[in-house]
Structures are given as structure tokens and as C-alpha cells.
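A short worksheet on the structure shown next.
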Amino acid sequence: MKENKTLMQYFEWYLRPENKLWNKAIANAQYLSAIGITDVWFPPAYKGAGGKYDVGYSAYDLYDLGEFDQKGSIETKYGTKDEYLQAIKDLHENDIKVYADIVLNHKIGADEAETVYASEEESDNRNIDTTLPTKIKAWTVYNFAGRNNKYSDFKWNYSHFNGTDWDEGGRKNGVFRFSGKKWDKNVDAENGNYDYLMGADIDYNNPEVVEEIKKWGKWYVETTNIDGLRLDAVKHIKSGFMAEFIHEMRKIKKLDCVGEYWNRNIESLKKYIEKTNSTIPLFDVPLHYNFFNASNDPNYNMAQILEHTLVKENPCKAVTFVDNHDTQPGQALQSFVQGWFKLIAYSIILLRNDGYPCVFYGDYYGIEHDHIEPVNDLKTLMLIRKEKSYGLQHDYFDHNNFIGWTQEGDDEHINSGLAIVISNAGDGYKRMYVGNQNIGETYIDSLGNCEEEVTIDEDGCGNFGVKSRSVSVWIKK
């Protein structure tokens, strides 16, 4: 029997090391399966520059999964290598697949600095040098003494990078391109060329680098037995390498992938999917911004909520989400969807046929750092997705303030099918068709917002209500 897939992003930015995330996953593997989670996205599991306080995106040593005494600790923020491997094993035993977060754009936390010739670039146009090549002191030497050549004896130096953002000699911030190097092509066009993001920018025109990263990828997949890759910052990495890397990894194991291409312009996402031969679904960033805007604008036209989104234009390649670790308060891309709109947004990603939805840890468990409570009734929507969100879909995106859709249900899932009504203004209702096979059935609002029951008439339709600024999810009684 085909079940709906649901991904959970199993972390938020401000988790503390004492939260012991890998152990929490071990303890909760069975529970996650019971609430309908089929896939889990774990944070970067290797040692970051900040040791056990590093979220993982300041990638230092990709081979250190919490095994070596480096950057002030053996364990990472989330635990030890053994705990990580055990968490993956326990999730597998509960039929949950695991995505590993892979940061291949940059390295941070070098062991030594070295003298390099570099030109400084204009920060908002990386195609223009503002200085002639001059000597700078760049943090580009990675020896990984704590690992002592275990798994790989590859040592990184300036020749493996395109540039950096700090001159230790002049104690100066900037964007510095190393002499003899060019920024990679086939990256996002923002800032003229958006190859450079942070730290020491990895040079994928260097054959030694390409070989080492592929070798590491093979080691990682075989060591951890992960099922998928969440590819960080893909718009900053040349698309040809990304497609090649995925192709190589899939020779080892049939891996699922999702790319993070942070651009709210749907055309940029579609172009990237084309360039990578459609091998990488992407997070639907435009949809996130539609949710964010709708939650902040009382006059938002709800009939347009899916316009210019990946889930509408290429649903098979869309991973839909409401918020994540980057959009949460205090983070680089802060654009947190307002609380009143959260459940509305989740109903749109969880209870429709299109897209592959991702539930954010911070929405499900709350964000202690900012005193943000868990989203009320999110678990109810997840269970309805698992058990009832099936069958032919009918859309009623035909009003500025009141929209809805229905699913007729199917024979495989008992009492499946539903009707959803959303309001961003006052109380209202929509007359919607749920299928002739449901004539005479009684529907109730599973969220308890509307108390009356709805009986389906001889046309296969019902008048489904909704309260002001909320969502009602109607299911068979």
C-alpha cells in the first residue's frame, strides 16, 4: 500500500550540545514513524570550526563524525560518531530513511595561515577587481593533526581554493580571489558571480579536489549507510560538479537528493533543475516566501498562494517547507512565518497531492531559545496526511480570502478523503465536491474549529465552513 512520504528536518539552529540530538533520535525513532515521518534530514554530522558548539555549516573536517579530538572536543554538537551511526540504524529499523546534510562549498577553521597573492573583489560584483594582486595571509592550510591521516591523508592548501574573506596579515575582511584562480562558472548570477559565499571557497576546477571529494563521498555513504543527501548552498557550486558528484554517489547506492538553492525566483530554480539534468529536486523557496508574505499582509490574495512556486510548476521536483533553520528568528535568512498562519501553511504542504513536504523541528517541538511554542495541531495534520490525504483532488482557489480543495479518497485507505477550507479574513464556507461515492457521508472538522457536521448531498457536494483566519480540515466521521 502506497503511503504518503513526509520529511522532517530534525534540528533547529539553537539546539544545545546537552540536547544530545543523536540520542534523542534513537529514543524517538518509533514515535517518528507512528506520526507519519518516512524520512529524516539530519544536520551536518562532521566537525565544524566551532567544535561541539558548531551547527555544522562551518565545515572543518568532513571525515570527523565525532571521533577525533579536534576543535576542542571529540563529539560534535549532536554527539559521537557511534551515536550517529546508531541513530541511523534505529531509524532504518522503523522504516525511516535518513538524509545527510552535505556542505561542499567551503571550509572554515584552518589549522594554519599561509601567504598568497590575491586581488580584492567588489562585494556586489565579483567580476570586478578593486586591487592588483597583493600578498595576503589566508587561512587555507588544513592538516587535521587530530585525525592523523586516518581515512585520508589529503592535506588542503591555498591551491585547493578560489578565494577567502579574511586577510590575517592586514586583519581585513573582504572578498579575495587568489591569483591564477577564477570563480567557478555555472553558479548563481547574484553579485555578478555567486561562487564565493564564505570561508575558504573550494575550487572544483582543481582535479585533486574533485577526486578527494568523490573519495570522501564514497567513504561517507559506505560508512553511514545514509539514504539521501541534502545538498547545502548548491547555487554557489558549479552545477556540472554537483550533477557529476550525485551520479558517482548513486553508483554506490540509490540515493535520494534535495538541493538548497536559495532564490525566490522560480525561473532560477527551473534553470538549475535543467542544468543538473533534473537529478536534484529543490526546496521550494518561492512557496516559503508566499507563506511569509501572506502571514504578514492582511490583504494577501489567497487565490495566488501557489503562484510562481516550484510545487505548482514542477511538482515532482519540489520539496515544500514552511520554515527552516535559516528562516527562524535571528538567522541569516530570517523570514519566519507568523504564528496565526503556520497551520494554514502546513495544511497546504501536507494535505495536497503535489510536492514532498518537510516539517521543521522548530515548528514541531518549539524553539526554546526564542520561547516559541510548538505549532498547535501540527501532529493532527501529519496523521491525517498519513491516513487520509489520498485520491482525486479538486481545487477551489477562486476567492481572495477563502480558498479550499478536496480529495475524494481511495480504496486502499479506509475512510480516506478530506475537504479543506482556509480563511485569511472572516468566517465563511465553501461548497465543494468530494465525489459521488461519498454521497450521504458525514464530515467533521478534525481541528474542532467548526462544531457542526456536514452531510454530502446528492451532487456529491457539501458546504464546508471555516472560522476567521484559520483552517478547517474536514474528514469522515
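Observations
- Taken over the range 156-217, the alpha-carbon convex hull comes to 104 cubic angstrom per residue.
- Relative contact order computed over the range 239-386 (Cα-Cα under 8 Å; 6+ residues apart), in percent: 18 percent
- Other residues with beta-carbon under 15 Å from the beta-carbon of LEU343 carry, at +1 per Lys or Arg and -1 per Asp or Glu, a net charge of +1.
- Relative contact order, whole percent, for the chain stands at 11, derived from Cα pairs under 8 Å and 6 or more residues apart.
- Kirkwood hydrodynamic radius of the range 5-112, from the reciprocal of the average inverse Cα-Cα distance over all distinct pairs: 13.9 Å.
- Those residues of the range 352-384 whose amide nitrogen sits under 16 Å from the label point placed on ARG469, 7 Å along Cα→Cβ: 376
- Sites matching GluC sites (Glu not before Pro) across the range 159-262 that sit in DSSP coil, with at most 16 neighbouring C-beta atoms within 10 Å: GLU168, GLU190
- At least 24 Å along the helix axis (C-alpha) and Kyte average at least -1.0, DSSP helices within the chain: 207-224
- Taking Cβ atoms as reference points and 15 Å as the exclusive limit, the residues near GLU274 contribute a net charge of +3, counting Lys and Arg as +1 and Asp and Glu as -1.
- Full-stretch length increase - ASN125, LYS182 - with 0.36 nm per residue and alpha-carbon distance subtracted: 19.1 nm
- Packing-based order for 22-32, 79-89, using average beta carbon neighbours within 10 Å, highest first: 79-89, 22-32
- When the charge dipole of the chain is built from unit charges on Cβ atoms (+1 for Lys and Arg, -1 for Asp and Glu) and taken about the Cα centre, the candidate among GLY240, ASN23, TYR364 whose Cα reaches farthest toward its positive end is GLY240.
- Taking label positions 7 Å along the Cα-Cβ direction at both TYR117 and TYR31, the computed distance is 6.0 nm, reported to one decimal.
- Paramagnetic reach from SER159 (point 7 Å along Cα→Cβ, amide N under 13 Å) across the range 194-210: 206-209
- Cα-based Kirkwood hydrodynamic radius, the chain, one decimal, Å: 23.9 Å
- Overall shape of the range 254-318 was characterised from the C-alpha gyration tensor. The equivalent ellipsoid obtained from it has semi-axes of 25, 10, 10 Å, in decreasing order.
- Å³ per residue enclosed by the Cα convex hull of the range 222-354: 125 Å³
- Label zone of ASN301 (point 7 Å out along Cα→Cβ, amide N under 17 Å): in the range 402-431 this covers 402-404, 424-425.
- At a probe radius of 1.4 angstrom, the accessible area of the range 1-95 per residue rounds to 36 square angstrom.
- Surface composition of the chain: carbon and sulfur atoms hold 46% of the protein heavy-atom accessible area at a 1.4 Å probe.
- Full-extension gain in nm, GLU451 to TYR289, via 0.36 nm per residue minus C-alpha separation: 55.1 nm
- What the phi angles of the range 401-406 give under the Karplus curve with 6.51, -1.76 and 1.60, with θ = phi - 60°, is a coupling list of 10, 10, 10, x, 7, 10 Hz, glycine and proline written as x.
- Fully extended contour minus Cα-Cα distance, from LYS477 to ASN173, at 0.36 nm per residue: 103.2 nm
- Cβ-defined net charge surrounding GLN334, 12 Å radius [Lys, Arg +1; Asp, Glu -1]: -3
The values are calculated or read from the model by the stated rules, or taken from the named source; none is laboratory data. Here the structure is a predicted model, which is why all the values come from computation and not from measurement. Cβ: placed from backbone, ideal geometry, glycine included. Neighbour counts: every protein chain shown. In case anyone asks, the SASA skips ligands and DNA or RNA and just uses the protein heavy atoms, side chains included. Shrake-Rupley method; radii C 1.70, N 1.55, O 1.52, S 1.80 Å.
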